[in-house]
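Just so it is clear, none of the values below were taken in a lab; they were calculated from the coordinates. Treat the numbers as computed from the prediction; the structure is a model and nothing was measured. Reconstructed Cβ throughout: ideal geometry from the backbone, glycine too, with neighbour counts over all protein chains shown.
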Amino acid sequence: MSIAAEIARRDISEVLHFTTNRGVTGSLHNRSLLSRPLLDEDQYLRHVLQLNWLDRPEESEFFDKSNDWLRFVNLSLSEINKRLFRLSQQRHNATDLWWCILSFDPIIMTHENVWFATTNNGYDRCIRGEGSDGLDALFAQRVARKSMGITGYPWNVNRLARVDSLPTCEQAEVLYPEQVSLEYLRRIYVMEEEDHDMVAGLLTDFEYEGVEVVVRPEKFGGQPN
């Protein structure tokens with residue numbers, strides 16, 4: 001089965017990335033959601049954006065180097081990774097910051113060199129794959145996260161009754177090479193009406209059309225498992 005057919009079969013309607021108001025401003029300005037190295041290379045964005053996480057496991061010399069994983073944009077399927085979002089909120093708590101979620105057309109998963117990670121790409125038991133087989137692995141009945149969790153035992157997660165559009169592990173990732181063009185941006189979720197007005201203004205300022213702004217605070221809760 002092709003990736004497009006699997007998207008339709010599972011009724012997957014969006015691929016997501018959460019960011020701050022500074023992040024959405026920089027992305028709209030650049031007309032792309034950039035991977036970490038490209039953020040560092042962009043003379044404007046490096047002074048505007050804040051990374052969700054400063055130290056990534058992918059930078060370690062012991063991490064799998066079969067691909068330059070830092071040059072991929074980390075995205076979530078159907079719902080955001082609440083664990084990472086909570087940690088990012090704790091790290092970035094300046095009073096002038098607020099959060100939003102960029103929602104992309106799932107067609108981006110059919111693009112060349114897109115990879116799928118069964119859990120957080122930084123976890124040691126993460127399995128990465130391409131094509132329909134790689135996507136299908138995200139929906140396995142059981143997914144291994146870490147060889148040793150905080151309890152001292154392997155940390156795994158079971159699918160149980162999760163709906164078809166949700167991966168088994170809430171931390172599963174869609175890894176998109178280099179940058180995601182905002183031509184595939186379909187909507188932006190925000191928490192409050194005030195944020196809605198700010199984002200709508202940014203879309204107007206940067207001359208975007210057809211991007212919906214939706215106030216949906218519950219979207220920031222993800223679907224933990």
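Tabulated results
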quantity	calculated
Selection from the stretch 90-148 of residues that are among the hydrophobic types (A, V, I, L, M, F, W, C), in contact (Cβ under 8 Å) with a residue 24 or more places away in the chain, surrounded by fewer than 20 Cβ atoms within 10 Å (Cβ to Cβ) and assigned to a helix (DSSP H, G or I)	ILE107, ILE108
For VAL199: the one exception among (1) surrounded by fewer than 11 Cβ atoms within 10 Å (Cβ to Cβ); (2) within 21 Å of the chain's Cα centre (by Cα); (3) of a type in the set (A, V, I, L, M, F, W, C)	(1)
Residues satisfying the stated conditions in the stretch 155-202, i.e. among the aliphatic types (A, V, I, L, M) and either in a loop (DSSP other than H, G, I, E, B) or under 16 Å from ARG10 (Cα atoms) (or both)	LEU160, ALA161, VAL163, LEU166, ALA172, VAL174, MET191
Filter result for the condition that a residue is out of contact with any strand residue (DSSP E or B) (no Cβ under 9 Å at 6 or more places or on another chain), within 23 Å of LYS82 (Cβ to Cβ) and not charged (D, E, K, R), over PRO167, PRO224, PRO154	PRO224
